[in-house]
Each structure stands twice: as structure tokens, then as C-alpha cells.
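All remarks here apply to the structure that follows.
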Amino acid sequence: MAASSTCMFRSSFFSPNPHPKQQSPAKSNGVHFFTPIKATASSTDDAISASTQPLKHRRPADENIREEARRHISSHNFSARYVPFNADPNSSEWYSLDEIIYRSRSGGLLDVQHDMDALKKFDGQYWRSLFDSRVGKTTWPYGSGVWSKKEWVLPEIDSDDIVSAFEGNSNLFWAERFGKQFLGMSDLWVKHCGISHTGSFKDLGMTVLVSQVNRLRKMHKPVVGVGCASTGDTSAALSAYCASAGIPSIVFLPANKISMAQLVQPIANGAFVLSLDTDFDGCMQLIREVTAELPIYLANSLNSLRLEGQKTAAIEILQQFDWEVPDWVIIPGGNLGNIYAFYKGFQMCKELGLVDRIPRLVCAQAANANPLYLHYKSGWKEFKSVKANTTFASAIQIGDPVSIDRAVYALKNSNGIVEEATEEELMDAMAQADSTGMFICPHTGVALTALSKLRKTGVIRPTDRTVVVSTAHGLKFTQSKVDYHSKGIKNMECRFANPPVQVKADFGSVMDVLKKYLLSKNSKF
């Protein structure tokens, strides 16, 4: 990115217009309009001039960041709407995002379709510079990794309606030691989406969904609360964002199938929690039936608004590589919305000229809940759901994924692959990663197992730039780690267990144990 463009966008990150108007724009149905000006090399003089301007003064002490944002309101002609997923280009079926609808007329999935012609009036360099200029800011709402891409996410929502915890902007960790020691790789990265407000990637989608619900309630739409079925992380995100907005949240959880850390989050955030004697698929069926009868907004990834937030993690990866495209991105898959969200983020960047290609995608499933893997191995013949068995990767313990069609589409269009991990494989991979300082969740262990298998077969080469998406924070799964390192898991060898050593509290005993340990690490000791 040219230095001159960088200066220019630092001075104008409030607005997608490089020369924002000073007067208040006219409104039409809550949408602002303007004639976009494409960023070009001829903007250099303006950029230099902007860079020499005095530093902006701090906002008045009696003004908060929402109020400050109102003074900088921008006008645009961007829009988005619901359309049937993968619909015929000649289809005339579409719905406003302000409608409460989850399925197309045929009963199929919906997708959020952006007005790409309007977005294409800006070139790729423009969007790269705009998004880069917002990173690390506290400006409302652009300090969020999601809302820094607002024009590509929910362009028509008023910033006052946004509910955000400045989520996203998560660490892209160079897994130097793990890559070198276990895989012979030099360019392995882990995208820590679990380093977020509630400890999982679900925050990225939930800020969008709850913001839209906040807008709908202000429009007096019939929405009393928001509900979800969950294996843990979705309920944590939903309850936190609803609590922030003062919106009731209702959570359906499978009894005794999630960790205590995951259960306590919605409880602490004031959600109405129902613990049900069924699995996730049973909870999902019930919440769909309930939301069809009561004015409760459905928050599961059947709702395509969630995916609009989740796709921003893909854009972040490109930003963090200075807009260079990695060769592979490996994503754990359960309900399968996330694999499509990543595809959509990468594909939008390609279509709008920010990059010239997309990475190959890998979806990693637990062998105990592997309907997509079986579908892939069959050559994409007729899909069959499975009865999901218990897995340490509890968030992906799903046998009848809602977003199966989305996932297949993403994989076919990215020359993608599906792999699986047994319980022992995923727990060993998690222990290996933790031993190099990562402290990951079991789902990331599934993804690392998939990577290991693809390395062994030579599909992924030693020098391929590869990103593994870590979906949740390891602190949510401490019990599984305790069980592993104490070798308390039935029928599992736990090869990399590292239990504490019991030693008498005297100097001689401690010295004997330490000498033995140090000798095992360094024969020259």
C-alpha cells in the first residue's frame, strides 16, 4: 500500500468516501446516499496535504463515542438483502434484511447478497486502505474487527443500533515451534478466533445478528427475545450481546454435554437457560419449532446474518498478511456455517479486486460426528446425516448440520478437502500444540490433525503458507486437559501427558528429581 494512500485514509476512516461531505446527508428509509469517488493515484496531493494537517483534538469530555460517530455520519448507496442460497441468477425472490425470515419459499437456506455493483465503484486499493486505516481504533463502531468492514457486512444499519464489544482483530500466531518440530513446516499460522469477548469465534456473527435485532425492536417489529440451540459457545456469545443491549436471550442446551465454563457464561449473563435431555440436533429441532410459534428471533447459523460477521475473520487474515493470500486455510466444522463464511469473505475480496485468488479450504471434522467427511469420501453423493457420538470437540458434535449445502458449495469452489480426527488423534494434537505454548481447544486439535494427515500424504507441502483457524479459547476446556494429562481418559494412551511429579518436601528429594529431569533434557548436564 502506498504511503500517500495510508495517510489519506487515516484522516478519513469514519467514511467510505475519501472526500467526505461536511453537510448532513439526506436520508431515505434510513439509508444514506452519495455518489462514490474512486480512490486513484491522483489522490496523492490530497493525501500529502492531509498528512500535514494538525492532529485531531480529542472529542469533548461530555461526548461519548456513539455521539461522536453521529457527527461524522457518512452517506453511501450500499445495500444488502436476503436471497435464496445459490439461487438461479434469474430468480426474482428476495427479502429485506428487516424481515424476520430464515428460509426461502422452497424451504432452502437464505444468503445475504450485497449490491456488488455499488461496491465495485471503489477499487481494490481503496478498500484495502480503508479497512487498514480502521485497525486498532476506538472509533465507533470501526474499532471492531467486524464493523471495520461495515460496508461489506450490514451497510444499512445505523451505527446507533450496533451492539459491539470491539470483537475480532484476533491474533494471527506464527506457530514456529509446532510447525518445525511436528510438521517440518516453516510458514504455519494459527488464527486465534477464541481470543474474543466471550472466548470463541461466535462473537463475530453474534454482534451482527444482535445488532439487527436491536434495529428491528426499535422499528417495533414483533421480537420479544432471541433464542438459540447451543453446544456452548453460541449461547455464550448470544447471552453476552443480548445482555449488553438489554434484550432477553433464551438458550437451549443439551444436558451434561458441555463444559462447566461454557454453561456458566449464559447463566452469568442473565440468559433464560433450558437444559434439555437431548443432543444438539434435538435442541436445534426444538428451537426451530419454538421460534415458529413465539416472537423469538432465531440466532443459530441457519440465520445467514451470523455468517456476515464470521466472514470478516477471512478478511482479517488477508490484512494480517498484508493482503497476500495463504495457500491453505483449515477450519473445524460442525454445523458448517463457518466454512462457507470464510469462503464468502475470501471470495468477496477476490471479486472486489483486493486479491487475485482465494486459498484452498479444508474442513476438519471429529470422526465421532463426521457427516460432511462421509459425504466428501462418497464423491459428494447423496448426503446422509449421522447420529453424532460424544466427542471432546463438543462444539462440533453435530450429526445433521444446517449449513451442509453451504459447506459443499464452499469446498467445491475452493478445490477444498475434508478430513477427520479420532478422539485420540485430536487430544494428542491438542497436547502437542499446548506443549509449544498455544493452549488450544479440542476443535483446533481436530484441525491440526487434519493438517498433519495432509502433510504426511504430501498434499500440503513444507513451504505452503497454511492457516489453522482456532475457534475457541483453551480455558473453556480445562477439564478435558486435566483428564488427558492425568491419563484419566478411558481407552486412550494419552502419549503426551505431562502430570505433576509427587516429591517429598526436602532438598535432597527435590534435587534428585530435578537432576533426573535435566539429564533427560540435556545429556551434557
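The values are calculated or read from the model by the stated rules, or taken from the named source; none is laboratory data. As the structure is a prediction and not an experimental result, all values here were calculated from the model. In this analysis, Cβ positions are derived from the backbone assuming ideal geometry, glycine residues included, and neighbour counts consider all displayed protein chains. With ligands, DNA and RNA removed, areas are computed over all heavy atoms of the protein, side chains included. Shrake-Rupley method; radii C 1.70, N 1.55, O 1.52, S 1.80 Å.
If you check Lys487, Lys453, Lys481 for being surrounded by fewer than 19 Cβ atoms within 10 Å (Cβ to Cβ), assigned to a helix (DSSP H, G or I), among the basic types (Lys, Arg) and over 22 Å from the mean Cα position of the chain (by Cα), only one passes: Lys453. Taken together, the criteria place Gly458 among residues that are among the small types (Gly, Ala, Ser), free of Cβ contacts under 8 Å to residues at least 40 places away in the same chain, within 18 Å of Val362 (Cα to Cα) and open to solvent by 30 Å² or more (accessible area, probe 1.4 Å). Taking the criterion of being open to solvent by 10 Å² or more (accessible area, probe 1.4 Å) and within 14 Å of His443 (Cβ to Cβ), the only residue of region 184-198 that qualifies is His192.
Scanning region 349-379 for residues that are part of a helix (DSSP H, G or I) and either open to solvent by less than 40 Å² (accessible area, probe 1.4 Å) or touching a residue at least 24 places away in the same chain (Cβ under 8 Å) (or both) turns up Cys349, Glu351, Pro371, Leu372, Tyr373, His375, Tyr376, Lys377.
Among the residues here, Ser211 qualifies as over 20 Å from Leu318 (Cβ atoms) and crowded, with 24+ Cβ neighbours inside 10 Å.
Residues in region 312-335 that are more than 12 Å from the chain's Cα centre (by Cα) and either of a type in the set (A, V, I, L, M, F, W, C) or closer than 14 Å to His192 by Cα (or both): Leu318, Gln320, Phe321, Trp323, Val325, Trp328, Val329, Ile330. Checked across region 213-234, the condition of being touching a Phe, Trp or Tyr at 6+ places or on another chain (Cβ under 6 Å) and either assigned to a helix (DSSP H, G or I) or free of Cβ contacts under 8 Å to residues at least 60 places away in the same chain (or both) holds for at least one residue.
Here is the figure for region 238-257: residues that are open to solvent by 40 Å² or more (accessible area, probe 1.4 Å), of a type in the set (A, V, I, L, M) and farther than 18 Å from Asn300 by Cα total 0. Counting only residues that are buried (at least 16 other Cβ atoms within 10 Å of the Cβ) and without any contact (Cβ under 8 Å) to a residue 60 or more places away in the chain, region 263-275 holds 6 of them. So is Arg461 at pLDDT 95 or above and assigned to a loop (DSSP other than H, G, I, E, B) or not? Taking the combined requirement at face value, the residue satisfies it.
Against the numbered list (1) modelled with pLDDT under 85; (2) closer than 30 Å to Ala407 by Cα; (3) acidic (Asp, Glu), Asp45 comes up short only at (2). Does region 155-171 hold any residues that are open to solvent by less than 20 Å² (accessible area, probe 1.4 Å) and among the aliphatic types (A, V, I, L, M), and which are they? Those that are open to solvent by less than 20 Å² (accessible area, probe 1.4 Å) and among the aliphatic types (A, V, I, L, M): Ile157, Ile162, Val163. Scanning region 397-422 for residues that are closer than 29 Å to Arg288 by Cα, open to solvent by 10 Å² or more (accessible area, probe 1.4 Å) and assigned to a helix (DSSP H, G or I) turns up Ile404, Asp405, Val408, Tyr409, Lys412.
Within region 474-486, the set of residues being charged (D, E, K, R) and modelled with pLDDT of 95 or more comprises Lys481, Asp483. Which is surrounded by fewer than 19 Cβ atoms within 10 Å (Cβ to Cβ) and either within 30 Å of Val190 (Cβ to Cβ) or assigned by the TED database to the domain that holds Gln113 (or both), of Met260, Met284? Unique residue meeting the criteria: Met260. Only one entry of Thr457, Thr444 meets the criterion of being over 27 Å from Ala236 (Cβ atoms), in the same structural domain as Tyr340 (by the TED database) and of a type in the set (Ser, Thr, Tyr), and that entry is Thr457.
Taking Val510 as the residue in question, decide whether it is free of Cβ contacts under 8 Å to residues at least 24 places away in the same chain and part of a helix (DSSP H, G or I).
It is true that Val510 is free of Cβ contacts under 8 Å to residues at least 24 places away in the same chain and part of a helix (DSSP H, G or I).
Mind listing whichever residues of region 442-481 are polar (S, T, N, Q) and under 18 Å from Glu176 (Cβ atoms)? The answer is Thr444, Ser452, Thr463, Thr466, Ser470. The set of residues from region 97-139 being in contact with a Pro (Cβ under 9 Å, 6 or more places away or on another chain), under 23 Å from Ile162 (Cα atoms) and without any contact (Cβ under 8 Å) to a residue 60 or more places away in the chain comprises just one member, Asp115.
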